[in-house]
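Heads up: the structure comes next, in structure tokens.
Just so you know, all these numbers are worked out from the coordinates, no wet-lab data involved. Source: prediction; values computed, not measured. Ideal geometry is used to build each Cβ from the backbone, glycine not excepted, and the neighbour counts take in all protein chains shown.
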Amino acid sequence: MQSKARFITCAVFASVVCSSLAMAQAFPTKPVRVITQFAPGSSGDTTLRVITPIISQDFGQPVVIDNRAGGGGMVAAELTVRAAPDGYIILCATSATQVVRPFMVRGPSFDTLRDFTPITALYSAITLLVAHPSVPVTSMGELIEYARRNPGKLSYGSSGIGTDHHLTGEQIRILTGAEIVHVPYKATAQALIDVVTGQLPLTYAITGAAGTFIKTGKIKVLGVVKNQRVALLPDVPAFGEVMPKFQQPPNWTALFGPAGLPPPVLARLNGAIVKSLHHPDAQARWIANGYEVIGNTPEDFAAQIKLQTALVASIVKSAGITPE
């Protein structure tokens, strides 16, 4: 009797395994649609279009981009939440939408880990803190000491309230007591120009945008917003070196499926996408635009989101940021 029970159990297990393998091998059998919050022609859109042909070749099926800009990323996110969890509709979104936005609005319409299946983070922008040459400091450590001695004398530009730039600035204040005035901008490009022209002392900028100004001496770099130094800029100290308790606020672009994506389909998607990130064409684009490839597993990405959600909650509370 026990032998018969074991036989039935093994048979059921084998059936499940074979079914999962068959699902993974069969997927996809039709085009995969990537709904994105990026507008056509934007940097996020053009960067995504570097890897979709590579993924398409791996799948043997078209990977089609569906641009649904609007609502701060909510239009694209909500379309994906309502999609069938079969892998044929996935979302390309940023940490600003998936992690930070729920803290910035009253009654958020979704919970990222409850309503989505994390597939993988694609890349993170390499962000620098830069200063006009007239600012009397040459490093992050000197900046902190100067700001402590001269509270409120310096100001920094960000891409808006609640953005990763703003959260970084607030974390500096929380960890060091350095009071640097926050000046929110509608666009990081304008803040950078204001630093170049001397109208603003400090701002955050990605390497791709700041590179020319750094080379010509129009701005100087004080640090990279990372826990550790990055390979692209080995001589630039990371914030984590100066502030050991510093944690980089979320700053990534990633792919998600609806909640309940079958594990074999999730594994197939993750494998093809991560492989595409390391293609030479994609690598060249990442470097040119100041991005660092991530390409983590679904499990690691979900854990990252959980930790970063807690970090954002802590900074928002300490900074007294209230939802709209």
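Computed values, structure above
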| item | result |
| --- | --- |
| Reach of residue 30 by Cα under 15 Å, taken over aspartates and glutamates that are not fewer than 8 positions away in the same chain | 58, 86 |
| Given charges at beta-carbon only (K, R positive; D, E negative), |dipole| of the chain in Debye | 220 debye |
| Mean Cα-pair separation over length for segment 127-225, i.e. relative contact order, pairs under 8 Å, 6 or more apart, % | 47 percent |
| Within the chain, helix-based [θ] at 222 nm, where runs of 4 or more DSSP H residues each add -39,500 (n - 2.57), nearest 500 | -14000 deg cm²/dmol |
| The chain pair-distance distribution - Cα-Cα, 10 Å bins, rounded % | 6, 24, 31, 21, 11, 5, 2, 1, 0 |
| Residue order, fewest to most surrounding Cβ atoms within 10 angstrom, among 305, 193 | 193, 305 |
| Between helix 298-319 and the chain: long-axis angle, C-alpha atoms, 0 to 90°, nearest 10 | 30 degrees |
| Reach of residue 245 by Cα under 16 Å, taken over aspartates and glutamates that are not fewer than 8 positions away in the same chain | 170 |
| Fraction of antiparallel bridges per DSSP, the chain only, in percent to nearest 5 | 60 percent |
| Mean separation of Cα contacts under 8 Å, 6 or more apart, over the residue count of segment 156-284: relative contact order % | 19 percent |
| Per-residue Cβ neighbour rank within 10 angstrom, fewest leading, 66, 45 | 66, 45 |
| Cα centre as origin, Lys/Arg/Asp/Glu Cβ charges: segment 216-305 dipole, Debye | 220 debye |
| Computed P(r) (all Cα pairs; segment 127-225; 5 Å bins; percent) | 3, 15, 27, 29, 18, 7, 1 |
| Filtered trypsin sites (Lys or Arg not before Pro), segment 226-324: DSSP coil and at most 12 other beta carbons within 10 Å | 245 |
| Tilt relative to the chain, helix 140-149 - C-alpha long axis, 0 to 90 degrees, to 10 | 50 degrees |
| Ascending count of other beta-carbon atoms within 10 Å, so fewest first, for 35, 161 | 161, 35 |
| Euclidean distance of C-alpha centroids, segment 45-71 and segment 156-171, integer Å | 30 Å |
| Segment 127-225, dipole about Cα centre (Lys/Arg Cβ +1, Asp/Glu Cβ -1), debye to the nearest 20 | 200 debye |
| Calculated P(r) of segment 225-305 - Cα pairs past 21 Å, % | 43 percent |
| For the chain, with +1 on Lys and Arg beta carbons and -1 on Asp and Glu, the positive-most of 27, 189, 295 along the dipole | 27 |
| Proximal lysines to residue 215, defined as alpha-carbon separation beneath 30 angstrom and excluding residues fewer than eight positions away on the same chain | 153, 186, 226 |
